[in-house]
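Notes to accompany the following structure.
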Amino acid sequence: MFQGTIEIHNGRITRTKPDNGYLNIFIDGKLYEFRNSLAYPGFVDSHLHLLSGGELLFMPDLSLARSAEECVDIVSQSNFRRGNWIFARGWNQDFWTEKSFPTKRLLDEKFPDKPACLIRQDGHCIWLNSRAMEICNINSSTPDPEGGKIVKDPNGEPTGILIDNAIDIVRNYLPEYSEQHYLEFLEKSIQKLSSLGITAVHDMDVSPKYLAIYEKYFSNNDTKKINVRIFLSGKEIFEMGTVPQFKNDYCEVVGLKFYMDGAFGSFGALLSEPYSDHPYTKGLQLISEDNLNEYIYFTAKNNLGIAIHSIGDKATSIILQTYRKYLAKNLPKPKFFRIEHCQIVQPSDIPLFKELDVVASVQPSHFVSDYAMAKSRLGSRTKFAYPWKSFLDLGTLICAGSDFPVENPNPLMGIDAFINRRSFDLEQKFADETIPLDLALKSYTSFPRISLGEKEIQISSGNEGTLTILDTHFFETPKTEIKKAKVVATIVKGNLIYQAS
């Protein structure tokens, strides 16, 4: 953090003069006075979804619903549509009084003639009505796809709930938005993120069909921009056989994203032992070890990095053991190797991250919102969940993100989770896995850049003029108060893209 004078010219810092009690920033000769604020290296969110995040900001908010009935009421009062489909996101049955999955019945009663698709908060489960299933040819004879599940009632009829790879059946029938809609989603998402001090993001699982949207947005001189590193949908790219090239001053393709398992909320995270609250399942394995080997090799041959979604301990073990065997064959290595989420990890697997040079990409705000659910799902195994300090103690690089739109993208909430480890009840859980404030801050600034092989940003001459301006001195503030800090301004490559009123 920095106080004093900073001069930025043509997007780079040309001079700094440290001092106390004020912050003056000259951008191409123009003075911006931020009084007693402090400059930090620009915040980075190392795992989110720009387009679906922007989409969510236009949708009805289902996250506050406390029943399936309330979800349907909220949707019925909204004019938001995807083509002719009723479409919304954010429900979470674990926040409801009745914590079981909803069924098509309520949607059928309210929307008998229009297709309806409501996405669970984590994006790994959808809730359909009968009309949507009719359009998608989903019926009692439709088999579960590999790595997916169509939930059926005792009579074998689909209930309306589809999990993980089963969602792909529906994607082929969803109407596309217009190009203008997608541009508005990007703009809305970037507006939201810049107001939170976020200057760069790692944008996960982007379909190659949307690259033209990114190119149009980031080539427009009139749009506000942050730095974006794109991880393309690995499955789509592998099936295409070629990687589209895209790079400009702000945005470039850096990696491929794959999914080893699902999520806790829909019982899709792959565990080594059955779920404590659903003992008939251990979750879903979405890709085989053989396919994983092929994906790693394909990524390496295309000189890209790889990021693999893994929430359950069994999923993470499979990835690490497969990669260890892969490296033993002296095959080409990906540019970098990241495991995304790492929500529960066997203690014996944690040293392998450092040994194999694997980055742990974590979302600390998941701890806050998911702790009660994780405790139900895992029972006594919860002590192995969210092992942040264990990673750092063994020298593993961690980088932090939000998984927006799954979680609020505010980095201050993530930093608070790292250093205080409190769930919604405000009680600290497994305090030995909290991490120091300086490392929590680096997990949102320098570590995400290092995880991609990029140079970290420092507030010194010659560095990129990308800064987050806050009203708070983190190291002179009580730990429990840091999340109350306010973003004063956000600067990306010498462009002031957000300033608080």
Worksheet item: Mind checking which residues of segment 265-293 are free of Cβ contacts under 8 Å to residues at least 40 places away in the same chain and either surrounded by 24 or more Cβ atoms within 10 Å (Cβ to Cβ) or aliphatic (A, V, I, L, M) (or both)?
Response: Gly283, Leu292
Practice prompt. Say whether the condition of being in a loop (DSSP other than H, G, I, E, B), over 24 Å from Tyr250 (Cβ atoms) and out of contact with any strand residue (DSSP E or B) (no Cβ under 7 Å at 6 or more places or on another chain) is met by at least one residue in segment 441-459.
Written response: no
Practice prompt. Hey, could you check segment 62-81 for residues that are hydroxyl-bearing (Ser, Thr, Tyr) and part of a loop (DSSP other than H, G, I, E, B) and say which is modelled with the lowest pLDDT?
Written response: Ser63
Worksheet item: Can you tell me which of Asp416, Asp438, Asp432, Asp425 is part of a helix (DSSP H, G or I), modelled with pLDDT under 95 and not basic (Lys, Arg)?
Response: Asp432
Practice prompt. Could you please let me know if Phe87 is farther than 27 Å from Arg377 by Cβ, in contact with a helix residue (DSSP H, G or I) (Cβ under 8 Å, 6 or more places away or on another chain) and either buried (at least 22 other Cβ atoms within 10 Å of the Cβ) or not small (Gly, Ala, Ser) (or both)?
Written response: no
Worksheet item: Does Ala300 satisfy being within 28 Å of Met373 (Cβ to Cβ) and outside any loop (DSSP other than H, G, I, E, B)?
Response: no
Worksheet item: Would you pick out the residues in segment 418-432 that are touching a strand residue (DSSP E or B) at 6+ places or on another chain (Cβ under 9 Å), surrounded by 17 or more Cβ atoms within 10 Å (Cβ to Cβ) and on the phi < 0 side of the Ramachandran plot?
Response: Phe418, Asn420, Arg422, Lys429
Worksheet item: Do we find that Glu464 is without any contact (Cβ under 8 Å) to a residue 60 or more places away in the chain, acidic (Asp, Glu) and out of contact with any Asp or Glu (no Cβ under 6 Å at 6 or more places or on another chain) in this structure?
Response: no
Worksheet item: Is at least one residue of segment 433-452 more than 20 Å from the chain's Cα centre (by Cα), among the polar types (S, T, N, Q) and under 30 Å from Ser63 (Cα atoms)?
Response: yes
Worksheet item: For segment 151-252, which helices (runs of 4 or more DSSP H) that fit wholly inside it have 1 or more residues that are more than 30 Å from Ala68 (Cα to Cα)?
Response: 179-195, 211-218, 234-240
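Would you call Leu128 surrounded by 18 or more Cβ atoms within 10 Å (Cβ to Cβ) and either without any contact (Cβ under 8 Å) to a residue 12 or more places away in the chain or closer than 30 Å to Ala315 by Cα (or both)?
yes
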Worksheet item: Looking at Gly241, Gly262, which is the one that is modelled with pLDDT of 95 or more, surrounded by fewer than 18 Cβ atoms within 10 Å (Cβ to Cβ) and either farther than 26 Å from Ile491 by Cα or hydrophobic (A, V, I, L, M, F, W, C) (or both)?
Response: Gly241
Item to complete: Identify the residue in segment 101-119 that is outside any loop (DSSP other than H, G, I, E, B) and in contact with a strand residue (DSSP E or B) (Cβ under 6 Å, 6 or more places away or on another chain) and, among all such residues, is nearest to Leu284 (Cα to Cα).
Response: Ile119
Discussion item. Would you confirm, using the coordinates I've provided, whether Gly160 is in contact with a Phe, Trp or Tyr (Cβ under 7 Å, 6 or more places away or on another chain), within 17 Å of Lys104 (Cβ to Cβ) and either without any contact (Cβ under 8 Å) to a residue 60 or more places away in the chain or not aliphatic (A, V, I, L, M) (or both)?
Written reply: yes
Practice prompt. Scan segment 399-415 and report the pairs whose first residue is surrounded by fewer than 24 Cβ atoms within 10 Å (Cβ to Cβ) and whose second residue is of a type in the set (D, E, K, R) and assigned to a helix (DSSP H, G or I), with Cβ atoms within less than 6 Å and a gap of 6+ or a chain change.
Written response: Leu412/Lys483; Met413/Lys483
Discussion item. Every residue in segment 17-34 that is among the hydrophobic types (A, V, I, L, M, F, W, C), within 35 Å of the chain's Cα centre (by Cα) and either part of a strand (DSSP E or B) or over 20 Å from Lys493 (Cα atoms) (or both), please.
Written reply: Leu23, Ile25, Phe26, Ile27
Worksheet entry | Elements of type strands (runs of 3 or more DSSP E) in segment 304-393, at least 2 residues being closer than 22 Å to Ile435 by Cα | 337-341, 359-362
Practice prompt. Kindly check whether there is at least one residue in segment 51-61 that is modelled with pLDDT of 95 or more and assigned to a strand (DSSP E or B).
Written response: no
Discussion item. If I filter segment 214-228 for residues that are more than 22 Å from Gly11 (Cβ to Cβ) and buried (at least 17 other Cβ atoms within 10 Å of the Cβ), do I get at least one hit?
Written reply: no
Worksheet item: Among the listed residues Thr472, Thr468, which satisfies the condition of being part of a loop (DSSP other than H, G, I, E, B), of a type in the set (Ser, Thr, Tyr) and closer than 21 Å to Thr5 by Cβ?
Response: Thr472
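The values are calculated or read from the model by the stated rules, or taken from the named source; none is laboratory data. None of the values given here were measured: they were computed from a predicted structure. With ideal geometry, Cβ positions are generated from the backbone for all residues, glycine too; neighbour counts draw on all protein chains shown.
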